[in-house]
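Each remark here refers to the structure printed beneath this line.
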Amino acid sequence: MENKKKIATRESYGNALVELGKKYDNVVVLDADLAHATQTCMFKDVYPDRHFNMGIAEANMMCAAAGFAHTGYVP
């Protein structure tokens, strides 16, 4: 059995977003003031022009996500 380092799910999520950002130029991340809690700050550090903090306004964030998707981005 391999000795694997366990990491938090949110850290894996942040790492996965960075990898997706490398592979796909149309991936954007929308955030609701939780970049450090959800580790989307990892994506922001690498791709600051594709990370959008929408504030504590989740309903608006969903509308923005629909707009991004309509124009060819993957939120």
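Normalised by the number of residues in the chain, the average gap of Cα pairs under 8 Å and 6 or more apart makes the relative contact order 32 percent. When 10, 50 are compared by accessible area at a 1.4 angstrom probe, the order from most to least is 10, 50.
Average 1/r across all pairs of distinct alpha carbons in the chain, invert it, and you get the Kirkwood radius: 13.1 Å.
Remark: the chain carries a charge dipole of roughly 280 debye about the Cα centre, counting +1 on each Lys and Arg Cβ and -1 on each Asp and Glu Cβ. Working note: 222 nm ellipticity from helices only, DSSP H runs with n ≥ 4, each -39,500 (n - 2.57), summed and divided by the residues of the chain, gives -14500 deg cm²/dmol to the nearest 500. Evaluating 6.51 cos²θ - 1.76 cosθ + 1.60 at θ = phi - 60° for every residue in region 40-51, the Karplus couplings come out as 6, 4, 4, 5, 4, 5, 8, 10, x, 7, 10, 10 Hz, glycine and proline recorded as x.
Distance between the 7 Å Cα→Cβ label points at residue 16 and residue 4: 1.3 nm. Under a 5 Å amide H cut-off, with hydrogens placed 1.01 Å from N, residue 28 pairs with 74 among residues at least 5 apart or on other chains.
Taking the chain as the reference, fit the longest principal axis to its C-alpha atoms, fit the long axis of helix 9-23 to the helix C-alpha atoms, and give the angle between the two in degrees, 0 to 90, nearest 10. Between the helix axis and the principal axis of the chain, the angle is about 70 degrees. Between the Cα long axis of helix 58-70 and the first principal axis of the chain there is an angle of about 80°, rounded to the nearest 10.
On a per residue basis, the chain carries 72 Å² of accessible surface, using protein heavy atoms and a 1.4 Å probe.
The values are calculated or read from the model by the stated rules, or taken from the named source; none is laboratory data. As the structure is a computational prediction, the values presented were derived from the model and not from experiment. All Cβ positions, glycine included, derive from the backbone under ideal geometry; neighbour counts span all protein chains shown. These accessible areas exclude ligands, DNA and RNA; they are computed on the full protein's heavy atoms, side chains included. Shrake-Rupley method; radii C 1.70, N 1.55, O 1.52, S 1.80 Å.
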